[in-house]
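Take a look at the structure set out below.
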Amino acid sequence: MSPLTPTPDHAPWHRTPALSDCLTQPHIAAAFARDALVRELEADGIEGVLHEPADRSRAVLGLHNPSMTESRVNLRALLPEHAHCTWHFLSGSMHTSEAADGLHLHLAASDTVWLTTTT
């Protein structure tokens, strides 16, 4: 699967940030509207989906580790067009580490995390 391809409706984890009230916030909910752009991502075994509202004012990123071991992803390499952005935690579970090549997100086995940024 290549980065930034249209998302099929096959992975239920990426439809909405489950177990979170963040969708009550209008600026987050707009990224899940019918006219939102949704792109599927994959890097180093981590599945991802990027939701952007029609006005492209914000990005909401969901990442899921389907493996049985911890995985990590370099956020700058995954989304170079958002390398200048500051990401904010919405829901899920992860930890981060800073490296020379940017911020790395670490997801434990089967974990999912949702992040957002303004563009």
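Here are some notes:
- Within region 39-118: Cβ-based charge dipole about Cα centre, in debye rounded to nearest 20 (Lys, Arg +1; Asp, Glu -1): 180
- With all protein chains modelled, accessible area of Arg72 [1.4 Å, Å²]: 130
- Region 18-118 shape via C-alpha gyration tensor axes, a/c threshold 1.5: prolate
- FRET efficiency estimate (nearest 0.05) - Cβ-Cβ, His27 to Glu70, R0 30 angstrom: 0.45
- Only protein heavy atoms count here; under a 1.4 Å probe, Leu103 has an accessible surface of about 60 Å².
- Probe 1.4 Å, accessible area per residue of region 39-118, Å²: 45
- Taking a point 7 Å from the Cα of Trp87 along the Cα-to-Cβ direction, none of the residues of region 21-35 has its backbone N closer than 14 Å to it.
- Most to least accessible of Glu98, Glu81, Glu52 (protein chains only, probe 1.4 Å): Glu98, Glu81, Glu52
- Under 14 Å, Cβ to Cβ, from Glu98 - net charge with Lys/Arg +1 and Asp/Glu -1: +1
The values are calculated or read from the model by the stated rules, or taken from the named source; none is laboratory data. Bear in mind that the values here come from a model prediction, so they are computed numbers and not experimental data. Glycine gets a Cβ as well: all are built from the backbone with ideal geometry, and neighbour counts include every protein chain shown. We work out accessible area using only protein heavy atoms, side chains counted, and drop any ligands, DNA or RNA first. Shrake-Rupley method; radii C 1.70, N 1.55, O 1.52, S 1.80 Å.
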